[in-house]
1. What is the number of the single condition among (1) within 15 Å of ligand 1 (Cβ to nearest atom); (2) surrounded by fewer than 22 Cβ atoms within 10 Å (Cβ to Cβ) that Gln51 does not meet?
2. With the requirement that a residue be farther than 14 Å from Met9 by Cα and assigned to a loop (DSSP other than H, G, I, E, B), what does segment 36-50 give you?
3. Tell me, which residue of segment 4-16 that is in contact with a Ser or Thr (Cβ under 8 Å, 6 or more places away or on another chain) and within 16 Å of ligand 2 (Cβ to nearest atom) is farthest from Leu201 (Cα to Cα)?
4. Among what's in segment 144-172 and is without any contact (Cβ under 8 Å) to a residue 12 or more places away in the chain and of a type outside the set (Asp, Glu), pick the residue that is nearest to Glu209 (Cα to Cα).
5. Among the residues of segment 252-307, which ones are more than 16 Å from ligand 2 (Cβ to nearest atom), hydroxyl-bearing (Ser, Thr, Tyr) and free of Cβ contacts under 8 Å to residues at least 60 places away in the same chain?
6. Give segment 321-334 a look and list any residue that's out of contact with any Ser or Thr (no Cβ under 9 Å at 6 or more places or on another chain) and touching a residue at least 24 places away in the same chain (Cβ under 8 Å), or say none.
7. How many residues are in a loop (DSSP other than H, G, I, E, B), over 24 Å from Asp248 (Cβ atoms) and not hydrophobic (A, V, I, L, M, F, W, C) when one looks only at segment 284-336?
8. Where in segment 148-240 are the helices (runs of 4 or more DSSP H), entirely inside, with at least 1 residues that are touching a Cys at 6+ places or on another chain (Cβ under 8 Å)?
Amino acid sequence: MPPFLAGRMDETREFQKLLKQDHVLENLVLTGLRGLGKTVLLETFKPIAIQAGWLWAGTDLSESMSVSEENLATRLLTDLAVLTSRIVIGKEEIPRIGLKARPDEIEITLNFSTLRAIYEGTPGLVADKVKTILEVVASHVRVTGHKGIVFAYDEAQTLADHAAKEQYPLSLLLDVFQSVQRKGMPFMLVLTGLPTLFPKLVEARTFAERMFRVLFLDPLSRDESRDAILKPISDGRCPVSFTDVSVDSVWKISAGYPYFIQYVCREVFDVWTQNLEAGSVPAGIPIEEITRKLDSDFFAGRWARATDRQRDLLRIAAQLKTRDSEFTVQEIVEHPANRALSKSFSSSHVNQMLVKLADAGLIYKNRHGKYSFAVPLLGQFILRQYKRDRSQGTFPGWAPEE
Ligand SMILES: Nc1ncnc2c1ncn2[C@@H]1O[C@H](COP(=O)(O)OP(=O)(O)OP(=O)(O)O)[C@@H](O)[C@H]1O
Ligand SMILES: [Mg+2]
């Protein structure tokens, strides 16, 4: 967690509205590029939900959860059991499977093994079994006076169906939640992940479009960035302070991206405290040096994984006016820098390569078929890199549109 979470008021209000639903019809997708603050915002949602009377279940999703329907079911059961293991269920609700002792003498709780036994004892598909579990849990949750359960999963873009193996864990999750919500059960899904997440959900089940409120995290505004920079050091005991000029420099380098704000501030803080310890007065922010370090720490590894041909294409994209929002295959093909290449890209080339670049996590395709850089400020990095490389090679037709 950052020492001060700046902005995100609108998103928090939206989440609070969703918590007020008596009948859960809308779930939440919280999405945004790397380092935008999805994980820390999700963390702050947890106490808000608990305060509003909800129980909170969930963790990070990893690829392994998405391998099979059974894995996903185990994940849900495990998360539920943490919340329900203290709930004592009545005699008549004790599942008969595997319980040899006299039931009336044993206090049976909804712990993992009970849930598992109910699961195993339910006939049908994995989806039927999970629905039964949720039905059982729903009736007990109401008795405890809670409003319902929020299932919060981070890194949810890792969810996927695997048609070749006939395993559909992503569709299972959507089917199950849609079904139990229709029956009025108080379970809400909150999924966070990269911008590929929502298109993935809709591709798996078109009804996902109506099932989720999508909040797309933007970079912080100038004022919010200022708060993120200054509030953590507002304590009188802090040895350093930032002038307006310094705050402006951080803003310029970071463009309001929380991860970059934090990165730059940490670097500055380290340099300045070292200066102070050495008895000298801190100078301004070493913008050039910090940018260079950021380039090598954050961008260079990703850039190194691209092939020469992919870099040609990324360089063209970085020169588009629309590079910081979204661009089309057409715009790349028609750019003078493409025409000037000895082997210029055709539309089908660009299409194929963008798919590869999306797999490599450098580009993503949104639901309207347009593309964006999947890494914040990648376009600017590519331009800087070009300027540094200029002495070593030539890139024909280099003509940034600004
Ligand atoms: N609103 C904010 N104010 C101040 N700092 C923030 C804010 N949001 C995020 N940060 C800081 O930025 C960094 C990135 O945040 P976080 O890890 O939540 O991003 P993320 O979107 O989950 O990234 P990833 O996609 O890589 O998982 C963290 O170190 C966090 O402390
Ligand atoms: Mg995260």
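Read the figures in this text as sums done on the coordinates, not as results from a lab. What you are looking at is a predicted structure, and each value in this text was computed from that prediction instead of being measured. A quick note on method: Cβ atoms are made from the backbone with ideal geometry, for glycine too, and the neighbour counts reach across all protein chains shown.
1. Every condition holds for Gln51 apart from (1).
2. Leu36
3. This residue is Leu5.
4. Across segment 144-172, the extreme among qualifying residues is Ala163.
5. Those that are more than 16 Å from ligand 2 (Cβ to nearest atom), hydroxyl-bearing (Ser, Thr, Tyr) and free of Cβ contacts under 8 Å to residues at least 60 places away in the same chain: Ser254, Thr273, Ser280, Ser296, Thr307.
6. Across segment 321-334, the qualifying residue is only Lys321.
7. Qualifying residue count for the region: 7.
8. Details: elements: 169-182, 197-204, 208-211, 222-230.
It comes to 222-230.
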